[in-house]
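Have a look at the structure below before the remarks.
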Amino acid sequence: MKFLFDLMPVLLFFGAYKLAGKNEQTAFELASGWLGQGIQAAQAPILIATCVAMAASFGQIAWVWSRHRKVETTLWISFAVIVLFGGATLLFHDPTFFKWKPTVLYWLFGGSLAVTALAFDRNLMRTMLESQIRLPDPVWTRLNIAWAGFFLLMGCLNLVFAYGFSEEAWVNFKLFGGMGLMLVFVLLQGLYLSRHLEEEAG
């Protein structure tokens, strides 16, 4: 359930983009009404989808705060990035800013894992997960490196699709490619860690 909740802005972005693309004239009128003149009809789906994603991200923050009176740092970071890059896209009517948003977010997460390990000798993956699982020290190090590398790779792949393929292909990758690769990576991590958990238990 939490996975779907975290994915909500991406799901709503995808749905809004597809719906707007199938109703081009309505989408164009709606985008023009929201954002003023000077918008091209072909820009309307991505602009509307950006508005929806920003609203969904705000809704996430509001919901979590109303329930727990506390919001995770990663959620605040995601919200800040989507507001910054989404706002720039809406202000300048240029989807390039929003296309960079996933890459910036991936690299922020990956960079945080790498910098805290190298500069401060602190393993963020261990900090987040140590209360749930016990692993040998070398495995925690590998886990941290693996996630940092994965986020770096995902940021690069996002740019490949953003600049090397059509806008629709990028939108599809943003949901299916990103989610699919994340699930595969988590599964492989689980298989790897299970061996060490069994060894620890033994």
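What the table shows:
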item	result
Contour excess over end-to-end distance, with Cα ends at I133 and M179 and 0.36 nm allotted per residue	14.1 nm
Farthest toward positive dipole pole in region 1-75 [+1 Lys/Arg, -1 Asp/Glu at C-beta], among I48, A27, W65	W65
Formal net charge of residues neighbouring T116 (Cβ-Cβ distance under 14 Å; K, R +1; D, E -1)	+1
Which of K70, K22 has the fewest Cβ neighbours within 10 Å, and the rest in rising order	K70, K22
Cβ-Cβ FRET estimate between L91 and E29, R0 fixed at 22 Å, reported to 0.05	0.65
Coil-residue GluC sites (Glu not before Pro) of region 76-176, DSSP, other Cβ within 10 Å capped at 15	E130
Qualifying trypsin sites (Lys or Arg not before Pro) in region 101-134, DSSP loop, other Cβ atoms within 10 Å at most 14	R122, R134
Separation of the L159 and R122 label points, Cα + 7 Å toward Cβ, nm	2.8
Relative contact order (percent, whole number), region 112-202, Cα cutoff 8 Å, 6+ residue spacing	31
Alpha carbon convex hull of the chain, volume per residue in cubic angstrom	135
Ascending count of other beta-carbon atoms within 10 Å, so fewest first, for S194, S131, S78, S112	S131, S194, S112, S78
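Values quoted throughout were computed directly from the atomic coordinates according to the rules given, and no laboratory measurement underlies them. All of these numbers come straight from a predicted model, not from anything done at the bench. All Cβ positions, even for glycine, are placed from backbone atoms using ideal geometry, and neighbour counts span all protein chains on display.
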